[in-house]
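Below you'll find the structure, written out as structure tokens, and then a few comments.
The values are calculated or read from the model by the stated rules, or taken from the named source; none is laboratory data. Because the structure is a prediction, the values reported are computed rather than measured. Quick reminder, even Gly has a Cβ in these numbers, built from the backbone with ideal geometry, and neighbours come from all protein chains shown.
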Amino acid sequence: MIGPPAPATGRLVELAARPAAKDVAAGPMHEMAPAAADEAGTPQVQVQRTEFGVDLGTANSVNGLRALWRGLLRSKANAPLAPLRPIIVIKENTNGLGMQLRLVAGPLNDAGTAAKICAELSLNQRTCETAIYDGQRLSLKSDEPPPARRPVHRRAGPKLVPVAVPPPPAVEEKKPEPSTFSSIFRRNTQ
């Protein structure tokens, strides 16, 4: 292939030939090795595969996404989701104001598999759509400590105060009544 002329020489510059489709190898991104040259001297290029997933819904918080995922796994009708891993995907709202937290499960090798899973879920009245599996892993354990338990409020009733029972009155000995004569000379101690 011939490209534009080199500025200093004015001659046409020959560009390197692109590798043929048979020379391109596909594999996961983490297995990429440095480019190696084949016998003809052209470098082999590894292509990153796109991983797909199924978008299962939205929530207002990460804990809401955890609850959504756990709820989906409880139902036997959602069995195709069991081997998948959940991730958090952040998308802009449709009205352009704010962001959404989306729950995407995957990874799947192709969009067709994701579409089949969505078709199975739609039979059970579950909304689903195919999506790119690219986001942050959703940890199923909460990072926050559980909230402190509030005491149970009981209905207020009348307070019962223990009443001390008065001791029985002591029995007094009856003194003989004094005579009128002794009552005149007696000291008045009362």
Any pair with Cβ under 6 angstrom, 6 or more apart, that starts in region 123-135 at a residue that is in a strand (DSSP E or B) and ends at one that is surrounded by 19 or more Cβ atoms within 10 Å (Cβ to Cβ) and of a type in the set (A, V, I, L, M): Thr130/Ala114; Ala131/Val104
Single condition Glu39 does not satisfy, out of (1) part of a loop (DSSP other than H, G, I, E, B); (2) modelled with pLDDT of 90 or more: (2)
Hey, Leu65 in a helix (DSSP H, G or I), modelled with pLDDT of 60 or more and either surrounded by fewer than 12 Cβ atoms within 10 Å (Cβ to Cβ) or not basic (Lys, Arg) (or both) or not: yes
Residue check, Cys118 surrounded by 10 or more Cβ atoms within 10 Å (Cβ to Cβ), at pLDDT 90 or above and in contact with a helix residue (DSSP H, G or I) (Cβ under 6 Å, 6 or more places away or on another chain): no
